[in-house]
Amino acid sequence: MYLENIQSPVDVKKLPVEALAVLAEEMRAALLKKLSAHGGHFGPNLGLAEATVALHYVFNSPTDKIVYDVSHQTYCHKMLTGRKDAFLDPEKYDDVSGYSNPQESAHDFFTIGHTSTSVSLACGLAKARDLKGGTENIIAVIGDGSLSGGEALEGLDFASELHSNLIIVVNDNQMSIAENHGGLYENLKLLRDTDGKAECNLFKSFGLDYVFVKDGNNVAELIHAFASVKNSNHPTVVHICTQKGKGFLPAETDKESWHWCMPFDPETGAPKFTPVGEDYSEITAQYLLKKMKEDKTVVAIASGVPAVLGFNEARRKQAGGQFVDVGIAEETAVALASGIAANGGKPVYGTYSTFLQRTFDQLSQDLCVNNNPATILVFSASIYGMNDVTHLGIYDIPMISNIPNLVYLAPTTKEEYLAMLDWSVEQQEHPVVIRVPGAEVISDGKAAKTDYSDLNRFTVTQSGSKTAILALGTFYPLGKRTAEKIQAETGVQPTLINPQFVSGLDEELLRALAKTHDTVITLEDGILNGGFGEKVARFYGSTPVRVLNYGYKKEFLDRYNVEDVLRENRLTPEQIAEDVKNLK
């Protein structure tokens with residue numbers, strides 16, 4: 001077995017060329033074994049095994065610097081750069097992250113988890129090299145799906161300005177997470193169909209040299225192509241055609257579902273864990289499909305992650321032109337939604353909180369300055385969402401709730417969510433963002449109010465005295481448990497409030513509370529700095545009312561345990577009740 005003996009890329013260079021394809025297959029076998037037990041990014045890594053071997057055979061990492069876009073295809077790179085045990089030894093599976101990480105290895109240059117960034121980052125490395133008089137190769141590896149992101153096109157546009165070594169490896173597997181969307185993919189298809197000889201060439205139009213590799217899973221062809229551009233004195237694109245999910249038939253057949261996986265049976269591909277209960281993506285899809293049938297102006301918008309809205313391939317076909325995927329281009333998604341709303345349509349754009357961060361300017365300028373009534377659904381805006389450092393969803397409240405004209409809602413149950421969603425789609429007064437609950441779906445069977453046009457009206461769900469708890473969205477159940485704990489320990493029933501509105505305060509209610517309460521507690525599933533609780537604390541700043549804000553401190557968490565984070569931030573009923581008792 002070759003992989004067991006690879007300590008660094010130096011060992012790859014010692015192998016005969018004919019052994020490299022075997023090494024690639026060993027890497028695939030290691031991926032299959034680990035990911036079937038552990039889960040992770042599956043299809044992207046299977047398809048890039050040969051290219052990773054060839055890159056490390058030709059170039060001299062870490063002197064030559066390789067930057068992987070998104071970096072969810074770096075597992076093979078990690079195997080060849082001293083981290084193979086994290087893929088061969090089950091006890092060490094969690095020793096490495098799912099993305100490039102400079103703290104793990106000198107062969108990684110950035111922590112990267114968002115798309116379309118590699119070319120621009122590599123341009124920066126190349127520019128610094130040129131300023132210092134260096135000679136190393138700078139290589140950006142970017143998937144074809146990432147090319148739809150504006151930053152990737154900006155990077156390609158700037159690259160020719162360098163007039164020096166920059167190698168851009170375009171990994172073309174004809175897929176983003178789902179299928180690719182956009183006109184540039186017609187040119188990629190033309191280049192594939194003509195073996196790179198078509199006169200119309202996207203990359204040449206940017207002033208870049210161009211090399212085509214028809215079989216991007218052929219190590220010998222890849223080595224020849226990479227060797228031909230090594231130490232070049234101008235920017236060059238090496239366009240390689242690979243097979244996403246290569247080597248595992250289910251992943252080759254259903255590339256979308258196998259982009260990322262939970263643990264599964266390696267023999268059959270059957271998942272080892274079946275989700276139990278309802279899911280907000282499924283709830284959203286069912287609502288939107290029904291709404292689309294009733295109203296032809298309703299349109300669902302995705303930006304490369306249609307699954308977040310519950311729109312699998314069959315549902316996308318069912319929706320037809322009422323479903324739009326702009327590719328990995330969140331900025332365009334928000335601007336498109338604003339334009340649709342401005343011309344009488346009813347757009348609903350859904351994405352993950354961590355990706356909405358990429359489009360603040362469009363939220364503020366294109367949407368909210370124009371006050372167009374688009375609906376935006378924010379998923380995984382919670383400590384219960386994705387938990388690696390590049391995909392944290394807990395920063396949305398400070399970012400979104402402080403934009404003028406925008407109404408930010410936080411439902412606590414399925415019934416509230418659907419009521420808010422329907423109100424938002426039908427109203428014509430405001431841009432509305434809905435913070436989809438981040439924990440399990442709670443359905444209490446209670447009818448939710450259907451009109452939220454009287455803005456910033458909080459709902460008192462339990463009347464009490466002395467202590468009031470404002471429990472926002474996902475943390476409403478925590479508020480209920482906290483209220484029970486405080487009552488059990490003090491004998492006094494607290495007031496419990498479901499704020500529902502994140503972007504404003506119910507000042508009338510807050511003033512009324514001050515007459516009968518001496519302590520107000522705020523609970524939010526997000527960072528405290530600039531968050532909901534701070535608005536409440538500011539309101540009470542000149543009064544005797546004491547305010548205790550509970551949320552998360554400002555930090556970059558990585559691969560955390562939820563319960564640990566909650567305890568560290570005193571977000572348990574016991575800790576909060578203790579704090580209340582300790583107030584003088």
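Of the residues making up the range 4-19, those that are in a helix (DSSP H, G or I) and buried (at least 21 other Cβ atoms within 10 Å of the Cβ) are P9, V12. When N187, N137, N217, N180 are checked against the criterion of being under 31 Å from the mean Cα position of the chain (by Cα) and without any contact (Cβ under 8 Å) to a residue 24 or more places away in the chain, N187 stands alone in meeting it.
Can you say whether N561 is touching a strand residue (DSSP E or B) at 6+ places or on another chain (Cβ under 9 Å), surrounded by fewer than 18 Cβ atoms within 10 Å (Cβ to Cβ) and under 23 Å from D388 (Cα atoms), as far as the supplied structure shows? Criteria not met by N561. Just one of the listed residues (A152, A198) is surrounded by fewer than 24 Cβ atoms within 10 Å (Cβ to Cβ) and touching a helix residue (DSSP H, G or I) at 6+ places or on another chain (Cβ under 7 Å), and it is A198. Being surrounded by fewer than 20 Cβ atoms within 10 Å (Cβ to Cβ), in contact with a helix residue (DSSP H, G or I) (Cβ under 6 Å, 6 or more places away or on another chain) and assigned to a loop (DSSP other than H, G, I, E, B) holds for only one residue in N405, N372, and it is N405. For the range 283-298, filtering for residues that are more than 22 Å from P411 (Cα to Cα) and within 27 Å of the chain's Cα centre (by Cα) leaves 1. Please tell me if D108 is touching a strand residue (DSSP E or B) at 6+ places or on another chain (Cβ under 9 Å), at pLDDT below 95 and assigned by TED's automatic domain parsing to the domain that holds K84. When the stated conditions are applied, D108 does not pass them. I'd like to check something: does the range 225-238 contain any residue that is without any contact (Cβ under 8 Å) to a residue 60 or more places away in the chain, closer than 30 Å to L156 by Cβ and out of contact with any strand residue (DSSP E or B) (no Cβ under 9 Å at 6 or more places or on another chain)? No: the range 225-238 contains no residue that is without any contact (Cβ under 8 Å) to a residue 60 or more places away in the chain, closer than 30 Å to L156 by Cβ and out of contact with any strand residue (DSSP E or B) (no Cβ under 9 Å at 6 or more places or on another chain).
Take the conditions over 14 Å from I521 (Cα atoms), of a type in the set (S, T, Y) and in contact (Cβ under 8 Å) with a residue 24 or more places away in the chain and apply them to T490. Does it pass? It is true that T490 is over 14 Å from I521 (Cα atoms), of a type in the set (S, T, Y) and in contact (Cβ under 8 Å) with a residue 24 or more places away in the chain.
Here K197, K255 are screened, and the one residue that is assigned by TED's automatic domain parsing to the domain that holds V17 and at pLDDT 95 or above is K197.
For (1) at pLDDT below 95; (2) in a loop (DSSP other than H, G, I, E, B), each residue gets a yes or a no:
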position: T390; (1), (2): yes, no
position: I397; (1), (2): no, no
position: P411; (1), (2): no, yes
position: V425; (1), (2): no, no
position: E440; (1), (2): yes, yes
position: K449; (1), (2): yes, yes
position: D454; (1), (2): no, yes
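In this structure, S382 qualifies as not aromatic (F, W, Y) and not in a helix (DSSP H, G or I). When you check S364 against the structure, is it out of contact with any helix residue (DSSP H, G or I) (no Cβ under 7 Å at 6 or more places or on another chain), of a type outside the set (A, V, I, L, M, F, W, C), in a helix (DSSP H, G or I) and surrounded by 22 or more Cβ atoms within 10 Å (Cβ to Cβ), yes or no? Criteria not met by S364. Scan the range 45-104 for residues that are among the polar types (S, T, N, Q) and either assigned to a helix (DSSP H, G or I) or not assigned by TED's automatic domain parsing to the domain that holds G155 (or both) and the total you get is 3. Scanning the range 518-532 for residues that are within 20 Å of T572 (Cα to Cα) and without any contact (Cβ under 8 Å) to a residue 60 or more places away in the chain yields a total of 5.
The values are calculated or read from the model by the stated rules, or taken from the named source; none is laboratory data. Everything numeric here is computed off the predicted structure, so don't read it as measured data. Cβ sites come from the backbone with ideal geometry, for glycine too, and all protein chains shown count toward neighbours.
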